[in-house]
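Each reported figure results from applying straightforward, stated rules to the coordinates on display, with no laboratory input. Remember, predicted model here, so these are calculated numbers, not experimental data. Counting neighbours? That spans all protein chains shown, and the Cβs are built from the backbone with ideal geometry, glycine included.
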Amino acid sequence: MIRKFHITTFGCQMNEHDSEIIAGLLTEDGYVETDNRDDADVVIINTCSIRENADKRFFGTLGQLKKRKEREEDLMVCVCGCMMQQQHIIDTIKAKYPWVDVIFGTHNIDAFPRLLRNAYSEKTKQREILEGGGDIVEGLPAIRKFKSKALVNIMYGCNNFCTYCIVPYTRGRERSRSPEAIVDEVRKLVSDGVKEVMLLGQNVNSYSGGDTDFAGLIYMLNDIEGLERIRFMTSHPKDLSDRLIKAYVDCDKLCKNIHLPVQAGSSAVLKRMNRHYDREKYLSLVEKLKEAVPGITISTDIIVGFPGETEEDFEETLSLVRQVEYDSAFTFLYSVRKGTPAERYEDQIPEEVKHERFNRLVELINGISARKNRAYEGRVEKVLVEGPGKTGENIYSGRTDGFKLVNFYSEKDLTGETVDIEITRGKTFSLEGRLV
Ligand code: 5AD
Ligand code: SF4
């Protein structure tokens with residue numbers, strides 16, 4: 001009997017990629033992926049600890065599965081990801097959702113097929129969570145979502161301990177893959193038709209593969225024939241080196257785009273966040289980038305309502321956003337994560353104040369995004385086509401070098417090709433264009 005599996009993924013691109021690997025492992029073991037969770041024999045939920053309400057959504061999803069679990073004895077419910085690295089979550093699952101079959105963590109994805117086999121053969125619950133990150137397991141298979149672009153882990157974990165963040169606890173300390181393993185993987189991807197790689201890590205700037213730093217890795221990848229684009233996500237301002245800025249100038253494949261999380265515009269707040277840079281340092285980095293790489297697009301992450309954030313602090317965030325003129329930004333309402341230092345900070349900000357500030361910030365960011373996108377009207381951009389768009393028949397979507405989403409009309413399926421598109425309209429979150 002061929003069993004079907006379905007994965008629900010919450011959270012960031014790291015999680016997306018972990019799910020691609022889980023899909024690869026199960027496919028190797030003879031399972032088949034299905035789009036329909038109700039149709040799956042093995043249901044996997046890959047969880048996130050960062051996004052707002054991620055825990056509520058996770059437990060809500062588990063609750064929905066309970067009825068099916070009662071009806072279908074053979075259904076396997078498997079949970080993994082960042083939430084599983086937190087003891088209080090495991091305790092909640094044991095107490096309230098004891099029918100979950102398999103639990104594994106972020107450090108032992110490769111163990112999943114074995115745990116699943118045991119769950120079937122022994123008819124017992126399988127729980128295996130490792131504390132820290134052990135050795136990096138190379139060569140795991142992956143089923144990629146896109147034909148032309150691929151996610152590639154270059155490092156795991158984080159040493160930074162920003163006071164609001166759970167990641168150092170759920171993903172462990174920093175470990176880098178060897179440059180050889182990364183180059184090897186990218187070469188294989190390219191021979192498989194991949195044109196663009198997104199290098200992943202919580203803080204790629206602190207990549208350290210023996211003598212190779214992050215900039216060094218970019219130079220190595222830039223030499224791979226057939227590869228068209230290199231991107232990375234995410235970088236920490238404190239580690240953004242002059243060498244990396246120079247790599248933007250020297251390496252034609254490195255996309256002129258950076259995601260540079262600022263988190264807050266006030267130096268006092270940044271200090272309490274333990275970010276190791278202040279407003280001036282961040283702004284001077286942005287200036288350097290804009291000067292060295294004309295036209296670079298910049299996006300960021302911003303947290304609103306960190307404990308102790310005054311109206312003046314918040315206005316410093318607004319003024320920084322105006323000064324940088326971000327192309328886009330992810331905005332987050334601060335929310336407490338159990339076990340982080342900021343949990344104990346006094347002066348938690350009332351919800352209504354957070355929301356009011358959040359709305360003002362989003363309005364400002366959207367206005368800037370729309371204005372910047374309108375400036376693209378009339379320009380011709382190289383677009384790597386990702387596939388059919390969501391806005392209508394014969395509409396395809398892709399990304400510019402600067403990571404702008406472009407929708408355009410085509411009778412021919414151009415998925416995976418790089419095409420010239422004349423931008424006809426700039427909107428807040430995307431561009432519209434026509435094939436040249
Ligand atoms: N509350 C709100 N936002 C958070 N982030 C991380 N932890 C929290 C939290 N406790 C945001 C940061 C980070 C992004 C991935 O999530 O902005 O860059
Ligand atoms: Fe979290 Fe800070 Fe590490 Fe980013 S750098 S993962 S925000 S601790």
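Binning all Cα-Cα separations of the stretch 167-222 at 10 Å, short to long from zero, yields these whole-percent fractions: 22, 50, 24, 4.
Computed about the Cα centre, the dipole magnitude for the chain is approximately 560 debye when only Lys and Arg (+1) and Asp and Glu (-1) carry charge, each at its Cβ.
Here the Karplus curve 6.51 cos²θ - 1.76 cosθ + 1.60, taken at θ = phi - 60°, turns the phi angles of the stretch 233-247 into couplings of 6, 10, 10, 9, x, 5, 10, 7, 8, 4, 4, 5, 4, 5, 4 Hz, with x standing for Gly and Pro.
Quotient of the Cα radius of gyration of the stretch 283-422 and 2.2 N^0.38 Å, N being its number of residues: 1.33. Quick one: grab the alpha carbon gyration tensor of the stretch 106-230, order the square roots of its eigenvalues as a ≥ b ≥ c, and give me rounded if a/c is under 1.5, else prolate or oblate depending on whether a/b is larger than b/c. Note, shape of the stretch 106-230 comes out oblate.
Distance from the Cα centroid of the stretch 323-383 to that of the stretch 77-91 is 29 Å (rounded to whole angstrom). Footprinting exposure proxy ranking of TYR376, TYR207, fewest other C-beta atoms within 10 angstrom first, gives TYR376, TYR207.
Our estimate of slack between ARG374 and THR428, defined as 0.36 nm per intervening residue step minus the Cα-Cα distance, is 18.6 nm.
Derived from the Cα gyration tensor, the three semi-axes of the equivalent ellipsoid of the chain are 34, 28, 22 Å, largest first.
Taking Cα centre as origin and charging only the Cβ of basic (Lys, Arg, +1) and acidic (Asp, Glu, -1) residues, the dipole magnitude of the stretch 291-436 rounds to 500 debye. Alpha carbon centre of the stretch 118-164 versus the stretch 209-242: separation in Å? So the two Cα centres are separated by 22 Å.
Summarising the overall dimensions of the stretch 379-436 from its C-alpha atoms, the Rg and Dmax are 9.7, 27 angstrom. In whole angstrom, the stretch 1-109 maps to an equivalent ellipsoid with semi-axes of 20, 18, 12, each derived as √(5λ) from the alpha carbon gyration tensor and ordered largest first. Summarised as an ellipsoid, the stretch 15-73 has semi-axes of 21, 19, 7 Å, derived from the eigenvalues of the Cα gyration tensor scaled by 5 and square-rooted, with the largest first. Counting only Cα atoms, the stretch 157-254 measures 42, 28, 23 Å along its principal axes, largest extent leading. Taking amide H as placed 1.01 Å from N in the peptide plane, the amide H of ASN153 sits under 5 Å from that of LEU200, each at least 5 places away or on another chain.
Projection of the Cα convex hull of the stretch 295-358, averaged over all directions and equal to a quarter of that hull's surface, yields 4.9 nm². Computed 3J(HN,Hα) for the stretch 70-85, one whole-Hz value per residue from the Karplus formula 6.51 cos²θ - 1.76 cosθ + 1.60 where θ = phi - 60°, is 5, 6, 10, 4, 7, 4, 10, 9, 10, 10, 7, x, 4, 4, 6, 8, glycine and proline marked x.
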